[in-house]
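A short worksheet on the structure shown next.
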Amino acid sequence: KPDIVLIDGGQSPILDIVYQLDCALRYQAELGGWLPVYNHQLQTSKDHVYVTGNAAGVSNHSALILTGMLAAASVCEALQSLPPEETEVVRNSLYSKLENEEESDTFSARKEHIKQFSTPQLKDQFIS
């Protein structure tokens, strides 16, 4: 079951909590710099940790809300309160909205970040 969902209202990705939770990181300049790696469910390298908002990449306000909705759907699926098939329909709809709300470069960077989920640049390392 999920332990935590992270959201931040700042103008840069938050790293303190994900670092303390030992989440792997990857650099994505278009999304604000260092971010926790995450898959299309916004799940980090730690099974029970999901990210949203600026923790998933700096973007506009609408995108931050949509990432929150995406993470919420994924958490509901993980808690088995939303069937996987229904979750996928919701997730696809939210990603379509996200694509329309974000700048094309930002959305492309987010897709690339998700694609690189299994190849973090930093894992088990100190960041100063």
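The values are calculated or read from the model by the stated rules, or taken from the named source; none is laboratory data. Predicted, not measured: the structure shown is a model, and the values here were computed from it. Heads up, the Cβs are rebuilt from the backbone with ideal geometry, glycines too, and the neighbour counts pull from every protein chain shown. With ligands, DNA and RNA removed, areas are computed over all heavy atoms of the protein, side chains included. Shrake-Rupley method; radii C 1.70, N 1.55, O 1.52, S 1.80 Å.
Quick notes
- Separation of the Glu112 and Leu15 label points, Cα + 7 Å toward Cβ, nm: 1.9
- Cβ-derived FRET efficiency at R0 22 Å, Thr119 paired with Glu88, nearest 0.05: 0.35
- Annotation note: GluC sites (Glu not before Pro) in segment 72-107 located in DSSP loop regions with a Cβ neighbour count of at most 15 within 10 Å are Glu103.
- Ser104 paired with Tyr27, simple spin-label distance in nm, labels 7 Å along Cα-to-beta-carbon: 2.7
- Integer Hz, Karplus 6.51/-1.76/1.60 couplings in order for segment 53-70, x for Gly and Pro: x, 5, 5, 9, x, 5, 8, 7, 4, 4, 5, 5, 5, 5, 5, x, 5, 5
- Relative contact order of segment 42-128, defined on C-alpha pairs under 8 angstrom at six or more residues apart (%): 25
- Residue-span extension gain [Leu79 to Ser96] - 0.36 nm each, minus C-alpha spacing: 3.7 nm
- Carbon plus sulfur fraction of accessible area for segment 30-76, probe 1.4 Å, in percent: 59
- Applying a DSSP loop filter and a limit of 15 other Cβ atoms within 10 Å to the trypsin sites (Lys or Arg not before Pro) in segment 65-128 leaves Lys123.
- For segment 63-128, chymotrypsin sites (Phe, Trp or Tyr not before Pro) are listed when DSSP marks them as loop and at most 13 other Cβ atoms sit within 10 Å of their Cβ; the list is Phe126.
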